[in-house]
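Any read-out appearing in this document is the output of simple, stated calculations on the displayed coordinates, not a laboratory observation. Keep in mind that this is a model prediction, so the values were computed, not measured. Reconstructed Cβ throughout: ideal geometry from the backbone, glycine too, with neighbour counts over all protein chains shown.
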Amino acid sequence: MFHLFEMKFNRYKDLSVFRDAVLDILLEDEAGNNLPISIITDSKSETSGKWLMSTITDNFDNIILIGLCALPHNVILSEPTWVRGSLKSCLAGVEFLAREMKRVRCGASGVFARVDLADRFADAYFGNTENKKKTTSVAMRLDKLLPYERVSGNFRLLARSDLSYAPEWERAFCVDCNIPVYSPEESAARITARIGTDRHYIWEDGEPVSQVVYGRDTPGGAVINWVYTPPEFRGNGYASALVAEVSELLLQGGKNFCCLFADADNPISRGVYSKLGYKEVCFFRQIQFDKDIE
């Protein structure tokens, strides 16, 4: 059992030192930890100047909790797999980290972590979060694609002509998922940057009807996100077919697995992914704060 007085808050200034300290731990659950893994492996040291990179260690210098925050965005919490068997110790570490982050006035706008960790951190960091914006998702992993029903149309890469509607699809996706909405200018810039990168795919059936983005990488896997079909085209299997085609493309290209986050409260989308062979790994919660702690 761990006690608060035995814990230590460690803050890192150098991304490479932080990466060396935590990457092997995160890779123990590569699919579940795909977000922090992709951040610390894809980013360069010069981009991390305003990040909060931290760990909580016990009195034997074992890391029991990892906290990563590209300020002023959400803090992402991860724990070693061996700590998950000691929930009391893990949650004590979360409370300790929350107090330390308040002390150094880190400026996090929210938290993203496994459900129990996110709830405990938010209560310790912000107080009563009953009325805060919360979204729950489930990480899902695909190692082998199952046979799926073919539908009308085909998939292709994003083209410049798609800029006439793709920013609006991104806005609608954010609204549907209850996450912060990018400005029209930000969306246009983000989407334009994907043209010619083999990252953004469109399903077309006489006209564009669905999209999928190959958003991030881990050392062994690929992360699929921004899965969106406008309401008028739903129910035709377009998103399922596009996710299947892109997943198979990535697996055939050398990835060991694909993963994605699905809305935990949407049994339809979870069922669609399950039929393709995606298996649920872990449930996560994102909680948004109104402001930083004074």
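Between Tyr165 and Phe60, full extension at 0.36 nm per residue minus the direct alpha carbon distance yields a gain of 32.3 nm.
Dipole check for the stretch 154-255: with +1 at the C-beta of Lys and Arg, -1 at the C-beta of Asp and Glu, and the Cα centre as origin, the magnitude is about 280 Debye.
Taking a quarter of the surface of the Cα convex hull of the stretch 200-294 gives a mean projected area of 8.4 nm².
Could you tell me how many cubic angstrom of Cα convex hull volume the chain has per residue? Don't jump to the answer; show the numbers that get you there.
Values: hull volume 40.6 nm³, N = 294.
Enclosed volume per residue, from the Cα hull, is 138 Å³.
In the chain, a dipole from Cβ-located charges (positive for Lys and Arg, negative for Asp and Glu) runs towards its positive end, and of Val209, Val22, Pro184 it is Val22 whose Cα lies farthest in that direction. Here r is the Cβ-Cβ distance between Thr81 and Glu248 and R0 is 35 Å; the resulting FRET efficiency, rounded to 0.05, is 0.75.
Kindly state, to the nearest 0.05, the FRET efficiency for Tyr182 paired with Phe283, given R0 = 30 Å and r defined as their beta-carbon distance. So, using R0 = 30 Å, E works out to roughly 0.70. Annotation for the stretch 169-198 versus the stretch 216-254: alpha-carbon center distance of 16 Å. Shown for Lys144, Lys132: other C-beta atoms within 10 Å of each C-beta, ranked fewest to most, produce the order Lys144, Lys132. Ordering 108-120, 179-191 by mean Cβ neighbour count within 10 Å, with the highest value first, yields 108-120, 179-191.
For Gly277, neighbours were defined as the other residues whose beta-carbon sits under 15 Å from its Cβ, and their charges (Lys and Arg +1, Asp and Glu -1) total +1.
A crude spin-label estimate for the pair Glu28 and Phe233, with each label 7 Å from Cα along the Cβ direction, gives 4.3 nm. Among Ile64, Ile195, Ile25, a tally of other beta-carbon atoms within 10 Å of each Cβ gives an order, fewest to most, of Ile195, Ile25, Ile64.
Among the listed pairs Lys13/Lys279; Lys8/Lys255; Lys8/Lys132; Lys134/Lys279, a Cα-Cα separation exceeding 31 Å is found for Lys13/Lys279; Lys8/Lys255. Over the stretch 154-255, the hull volume per residue, using the convex hull of the C-alpha atoms, is 105 Å³.
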